[in-house]
Amino acid sequence: MLIYSYKASSFTSPGTGSTNSTLAHANNLVAELCADRQLCCAFNRPIIFICHGFGGVLLKRALAYSSSREGKSVAHLRSIYTCTYGILFLGTPHNGISKEALLFQSAAESGPSHFMLSLLKGSEMLNEINDQFAPLMKHFSVFNFWEELETEHSAHKFFLVEQESAAPSAWDNVERCGITAAHSTMAKFNGNFDRRFQPILEALTRYTKRAPTLIESRWKMNAQLMTQRRQHEVEELLSPQLFPTSQFDPTPPEYNQWSLIARKPSTYFTGRQQYIEKAKSLLGSIKKHGGHNRTEVLVIQGLGGSGKTQFCLKYAEDNKYRYVTQDPTRIPLNL
């Protein structure tokens, strides 16, 4: 049993705690956990995470980071994603917190931090983390718990993390249960026979029995995937790069060799081809950027975690050859 701790004031103090702090702590979590498992000869051991509050948001970003480590020199960091069997989220604000909760969290300080503001409902940071985690979630056993007692503060009562945020109804194939406690005490139990602890204890027992077989098979699949990935990289290096062409949309000789994509789309991206074709049609034919041509704008909308970011990354990666520039030093932004 391991506990990952961090300095909470680095997030809550006014003027500090930018959204980048989340990624930094996520990187640290993956690196430290991976190092501990290496040194303890437990590199292949299954992992079950128990997260309370913001710890769940941090874990989701950590797993997204771990799953993206495919390079030869950092492939060992992918082991955290590969070995994760189950996650128990206790009061995690998947969809954000209310303004009342923000005021409560900031009561001890002179005002809310940048990070606390990014935890409000509908924030860009939470949407991005949910988009990254959504395609990975099907590989884990997930159990969401929410607080059933309100938090009291200055004669006011409210739920620090509301039920719909702690256990989104849109999440499929996920277990859900309430805990008769306020947010700060929902992870504190009197013992094994505490009624509130029974669902958690049962889930841990069940996960522990099932995890070894599944994780062993996942390691084999991951080894095959990495072997195929390395072979594909070698083939790309040894053969000339080809770009898809069609009768209606030929590849120009000055294709966009200087395209920069923020990050690669998920390796598990699948489907939605009809939407990609529709976006391709709406954005129009190949354009030469520069001069007086105006930039086309296409708005992608959907529920949090539905995959908007992954969709845009996939479109940009597959269609970068369609956009050209007259000046190779200028990189056009098409999405």
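The values are calculated or read from the model by the stated rules, or taken from the named source; none is laboratory data. Being a predicted model, the structure only gives us computed values, none of them experimental. As a convention, Cβ positions derive from the backbone with ideal geometry for all residues, glycine included, and neighbour counts pool all protein chains shown.
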Inset, instruction - Identify, from the list 129, 47, the residue that is crowded, with 17+ Cβ neighbours inside 10 Å, more than 14 Å from the chain's Cα centre (by Cα) and on the phi < 0 side of the Ramachandran plot. - result: 47
Legend entry - Sole exception among (1) within 23 Å of residue 204 (Cα to Cα); (2) in contact with a Leu (Cβ under 9 Å, 6 or more places away or on another chain); (3) touching a residue at least 40 places away in the same chain (Cβ under 8 Å) for residue 49, by number: (3)
Inset, instruction - Taking the residues in the range 175-205 that are farther than 24 Å from residue 84 by Cα and hydroxyl-bearing (Ser, Thr, Tyr) as candidates, determine which candidate is surrounded by the fewest Cβ atoms within 10 Å (Cβ to Cβ). - result: 180
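Among the helices (runs of 4 or more DSSP H) confined wholly to the range 75-181, which include 1 or more residues that are modelled with pLDDT of 90 or more? Spell out the reasoning first.
Numbers: elements: 79-83, 99-105, 114-117, 124-133, 163-166.
By residue number, 79-83, 124-133, 163-166.
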Legend entry - From 213, 151, 208, residue being more than 28 Å from residue 306 (Cβ to Cβ), surrounded by fewer than 17 Cβ atoms within 10 Å (Cβ to Cβ) and either in the same structural domain as residue 309 (by TED's automatic domain parsing) or in contact (Cβ under 8 Å) with a residue 40 or more places away in the chain (or both): 208
